[in-house]
1. Of all the residues that make up region A:356-385, how many are in contact with a helix residue (DSSP H, G or I) (Cβ under 9 Å, 6 or more places away or on another chain) and within 18 Å of A:LEU422 (Cβ to Cβ)?
2. Just one of (1) more than 30 Å from A:LYS233 (Cβ to Cβ); (2) surrounded by fewer than 18 Cβ atoms within 10 Å (Cβ to Cβ); (3) away from chain B (no Cβ under 12 Å) trips up A:ARG275, so point out which.
3. Just name the residue that is modelled with the highest pLDDT out of those in region B:116-134 that are more than 9 Å from every other protein chain (Cβ to nearest Cβ) and part of a helix (DSSP H, G or I).
4. Restricting attention to region A:45-101, report how many residues are within 16 Å of A:SER150 (Cβ to Cβ) and either assigned to a strand (DSSP E or B) or acidic (Asp, Glu) (or both).
5. Residue by residue through region A:423-446, note down the ones that are closer than 25 Å to A:ASP383 by Cβ, in contact (Cβ under 8 Å) with a residue 12 or more places away in the chain and in a strand (DSSP E or B).
6. Looking only at region A:310-333, decide whether some residue is facing chain B (nearest Cβ under 10 Å), more than 34 Å from the chain's Cα centre (by Cα), surrounded by 22 or more Cβ atoms within 10 Å (Cβ to Cβ) and modelled with pLDDT of 90 or more.
7. State whether the residues of region A:300-323 include one that is closer than 22 Å to A:TYR238 by Cα and touching a Pro at 6+ places or on another chain (Cβ under 9 Å).
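The values are calculated or read from the model by the stated rules, or taken from the named source; none is laboratory data. The structure presented is a predicted model; accordingly, all values stated were derived computationally and were not measured. Using ideal geometry, Cβ is built from the backbone for each residue, glycine included, and neighbour counts are taken over all protein chains shown.
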Amino acid sequence: MHSLSRRLLISVALPLVLFSAITMLVLDRGFRTLSERSLQELLDAEMVALIAAADPLPGGGYAPAAQALEPRLETPQSGVYAQIRSRAHAWRSPSTAGVTGDFGPPLRHGERSLTYADFDHERVAIESRAIQFEEGAAESGTYTFSVAVSLAPYEQQLWQFRRQLLGWFSGLLLALLVTLAALLRWVLAPLRRMEREIHAVEEGRSDTLGAGYPRELAGVAGNLNALLTGERKRVGRYRDTLGNLAHSLKTPLAVMRASLPADASAVTLGGEIDRMKGIIEHQLKRAAATGGALLGAAPVEVAQVAAELRGALLKVYADKDLALELAIAPGSAFIGDRGDLLEMLGNLLDNACKWCRSRVRLTASADPQAPARQRLLLTVEDDGPGIDAGDRDRVLGRGVRADENVPGHGIGLAMVRDTIELYGGALAIEASGLGGARFSVQLPGR
Amino acid sequence: MRILVVEDEATLREMLKLRFGEAGFTVDVARDGDEGLFAALEYPLDVAIVDLGLPGVPGMELIRRVRAAAKTYPILILTARDNWQEKVEGLQAGADDYVAKPFQFEEVLARVQALLRRAGGWASPQLKCGPVVLDTRAQTVAVRGAPVELTTFEYRILEHLMLRAGEVISKGELTERLYDQDFERDSNVIEVLIGRLRRKLDPEDALQPIETLRGRGYRFSLPRDAGP
């Protein structure tokens, strides 16, 4: 029940089906009453005609005159049968020829009955009346007139009616449901559009929802847009504040560091200052990492960020005769914050440049089969001494609080690790084909 | 070597002035971006240190304006934010290296010396021209392996000439870089110092490391050795 349109369809279809069923029942009952009444009328008419036509027979008993007989009573197995019967005599209409059937027991004077019976395999309704033609006659002078009418045509009519009824109602129901589904599609189209646009914002293909929503949704779309813009501004402000905080904390530390005398007494104090610097750096940077796709932020082209960093690092490591190769698959992009990517890649590349002899290589590619948050694959490798398998966990600072690391050694990598974790990505250290270490990073992207 | 320090934090600025002075530099200081920009454009500098979080003209803008004015001396940025965004922007604006605050002075000095070396086309901190070797870190000079005792001024002149070995450097330029702006200048002092340097480096007058080009200046003429 997680779809609005399914809910609506079910909630409308159920009463509709129930309503149809009740209507069909009522119509069916009405039809049956009607046909029973017409059957009764037929029986009554046949009875009256039979009584009127009955003449006494010379040998006793009564029988209708042959020419007065209704044609259906003369035709064998016509579906209309009659019987006149007293204790001594009995007459059956010619239509009963070849039909075995019991019209029921004789009645006493003045009695009437309506019963149902089977003549062979034919269901019939039987009306019987007991009549005395002479006043005060004995029971032997009581004649039971019976008329039987086959129910087959009525039942056939009934079933035909029911079939038609069912056909019409099913058709109607189907048409209604189809119309309803189409209406729902139309009514819910703006919701689907909103869903699509939110998805686009999530993937960074657009930065706000479009205009032109119906009145009921315009407010929601407007609020979402305001939220998106506000959130982006807030993150920006937050970062500025953290940057300013770092600045205003570190400058006094720099002053303290600068004021230390250059002798052994300053070593402890210097160490403490470095530790404070490490804490500030790590905690503030971690707080500044957004960790997660910032809604509406465009995907970050890895190639561009990599080129910027390459330019910067070639300047910083100008002494090293550095070959910094970039192998970026076209279109590789990171879904998340540009500053976060810059920090992660900056730290990894800086680290590689620090340890390499002369070669550093950055590759980027997309793995569409990977889980959504790990589609962008980045590797940074160098031709330096590498990292022993046993040291890899320690280098990443797993299980070690980053501010306990030696400044400048572990903070950068611990920072990278933390940010990758925030994004739900993955980080591994392997041996590189270049001879040194290879850091492979998986992040949300394409 | 003449260095400009643009830093708004007074203690830090004074410390840098003092320590760079001790390390043999002529130091100009500026308290904010506007002062810094004026000094950076007007003074004959060899290197500048610029804090990015400056009042007045922002540090990044200062660097851009200096580069736009076709000044090529190396610039070292000091950053307290220490994020790659700022480092990349600073380096793109035209800076050559960065140091994150808080720093140890020795690190800043090492970076500045490396920048100066690189600006002169030297790959190693030891400047070697034939038998003359000048170590910028230890501030020592040796000829054919034998150490040569130099005074501060003598060392500064030799360092300047050797960093740009092969180039002609005018007497005026040497004076400007050796003395503070308002110092009473006397170009005879330079001639005297060059004369003393020649005697100390080349007592037998066999190497003739420093040429005099009449009316144009001086040139350290021994060929540079290739890097190690």
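1. Going through region A:356-385 one residue at a time, the tally reaches 2.
2. Every condition holds for A:ARG275 apart from (3).
3. Out of the qualifying residues, it is B:LEU116.
4. Final tally of qualifying residues: 8.
5. A:ALA426, A:LEU427, A:ALA428, A:ILE429, A:ALA431, A:ALA437, A:ARG438, A:PHE439, A:SER440, A:VAL441, A:GLN442, A:LEU443
6. Yes, the conditions are met somewhere in region A:310-333.
7. no
Per-residue answers, yes or no, for (1) among the polar types (S, T, N, Q); (2) modelled with pLDDT under 85; (3) surrounded by fewer than 14 Cβ atoms within 10 Å (Cβ to Cβ); (4) under 24 Å from A:PHE161 (Cβ atoms):
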| site | (1), (2), (3), (4) |
| --- | --- |
| A:VAL26 | no, no, yes, yes |
| A:LEU39 | no, no, no, yes |
| A:GLY60 | no, yes, yes, no |
| A:ALA82 | no, no, no, no |
| A:HIS109 | no, yes, no, no |
| A:TYR116 | no, no, yes, yes |
